[in-house]
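Read the structure below first, then the notes.
What follows is calculated from the coordinates using simple rules that are stated; it is not laboratory data. Everything numeric in this text was worked out from a predicted model, so none of it was measured. All Cβ positions, glycine included, derive from the backbone under ideal geometry; neighbour counts span all protein chains shown.
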């Protein structure tokens, strides 16, 4: 059925509709075996049902001939399949993932029921990954959940929270050794937290705080077997605190205001006058007074990101009543008064005349209005104290801890700044032209078919590489355009993904083997292959030791021209195939293959490549699933560095409080903490 050229005759529409209708009815009513007669002894009814669901998924590519009722019947049939065993649940989850892109109106209609059913079957660890990947896809399409209520969101949050609880149980890993993939288990756990993040961001900003109690309670229940909260949960709490009241990005960007304040015109040398740091919980807050008078810079380094604030103190000291006033000030005052008189003199003649301004001694001129500000002295502690709970600072957790501005702090801050505050992913993209089968001719391509070009335009945004500082560039040259001027990238507030696109990279003179292109694409764990060759793409076509996942896109039907020359590709369908390295566990929504429309293809492939790179990183980290070494995310690495720094600080002295009113002495003496 995926060979759509065989089913394009004048009677196809009615035949396809009848086939789908019959299949849906038979599967939904569990009467499939009665339609096909006795089964062979080695064939199970569940296997037949699984094949039927695969067939229905492929038939979904004919959805342009469906009416609304038939689309609903398809979704209802896939939803019914979630009630059965793993043989049918897995293909139904994969089908629902494709339906989220291709059949959005029907998916929206049944989304509440889908989420409820996912919550009920989440306890099955063999399908947990597919469930979370489906939620990940749904969360990337806002139109699907536009009408969600608070209760709907809580049910969504319950799914990953349920898996985290199951994963943390003492007996969760007590099964026979080798029965489950440790790398896949780590992948699913990371996906569970990722679901919390993307669905929390899906909430309106004003609605986020009301979901914190529910998430907090279930995260703590998931850790009730431990003496303290584990690192992934601690990072999750930090992340929730970061995004509950703002949509600020995870790292700051250099603005023109910051540049002018740090390096004012005519200044030379360091723009920072003084700097102090405090440890507050799992964060290090650094406050700097700047050379530009009255300005402060506040840096808050947390596991989940770095926030920077520029503040201007408006309480700038001016000349007092008894201070010497220069001639320039008097002239300024006279000019200001004259301006007032001129404006007053312009009143209509019927108004009362303004009395002459009396002579004002120069030393009594209002300093607020006409005296220029003095150069202000400012210590970083001023700002911290204004934000403190003083005088209720008896507990160290409330007041923070002032730490010495020494080499240890400097090394810690530099190390923290080197650890990303987002997840970085890099994925290769290569184009295989008609008849091409060898690495050299494939890497030589500088352009592709119209369909390939349209795909690139929608999988990400085109960014300029030169002097690129805000986005992850995946190792591409940012100075001399040696890897090309542009690259495709996709990002949100927690992920940045860079595509190493071979057709955007120059063919260097003398590089006959295209080693510079392969230097980047060959080191990617995941590659997207647009295959217009007319032949099956071999997994090892690109010779490299980093050969883990290929996402192959090719025409839905066998042939060499397919979408190469025709502009009709915008209405076309493509076969997406997921190739995995030998021994790599199965994952993702593609399964053996899926047929996807050109409209949805970029979104499907982007999600697939992102999730594939998530898993590939863990698979490599565990040495191809041969070791049980836990994968540490960048946020966890930042948490560990902050905790390591805190552990190296000397213990804080506990002071005994005096009786009576002097018992407040320690709390009132803020110089001890600031």
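What to note about this one:
- A Förster radius of 30 Å combined with the Cβ-Cβ distance from residue 665 to residue 274 puts the calculated FRET efficiency at roughly 0.65.
- Take the Cβ atoms of residue 643 and residue 508, set R0 to 35 Å, and the FRET efficiency comes out at 0.15.
- Normalised by the number of residues in the stretch 423-622, the average gap of Cα pairs under 8 Å and 6 or more apart makes the relative contact order 25 percent.
- Among 114, 429, the ranking by other beta carbons within 10 Å of each residue's beta carbon, starting with the fewest, stands as 114, 429.
- For the stretch 610-674 and the stretch 430-484, distance of Cα centres in Å: 41 Å
- Difference of contour (0.36 nm per residue) and Cα-Cα distance, residue 624 to residue 446: 60.7 nm
- Length gained on full extension, residue 401 to residue 225: 60.3 nm, using 0.36 nm per residue less the C-alpha separation.
- Extension gain, residue 538 back to residue 291 (0.36 nm per residue minus Cα-Cα distance, nm): 82.8 nm
- Fraction in percent of alpha-carbon pairs per bin - 5 Å, the stretch 4-243: 1, 6, 13, 15, 16, 14, 12, 9, 7, 4, 2, 1, 0, 0
- For the stretch 458-587, the percent of C-alpha pairs falling in each 10 Å distance bin, counted from 0 to the bin holding the largest distance, reads 11, 33, 38, 18, 1.
- Inter-label distance, residue 15 to residue 216: 6.3 nm, where each label sits 7 Å from its Cα along the C-beta direction.
- Arranged from fewest to most other beta-carbon atoms within 10 Å of their beta carbon, 480, 182 become 480, 182.
- Listed from fewest to most Cβ neighbours within 10 Å, the set 638, 13, 208 follows the order 13, 208, 638.
- Spin-label pair residue 51/residue 672, simplified geometry with 7 Å Cα→Cβ offset, distance in nm: 7.9 nm
- Anisotropy class of the stretch 413-489 from Cα gyration tensor, a/c 1.5 cut: prolate
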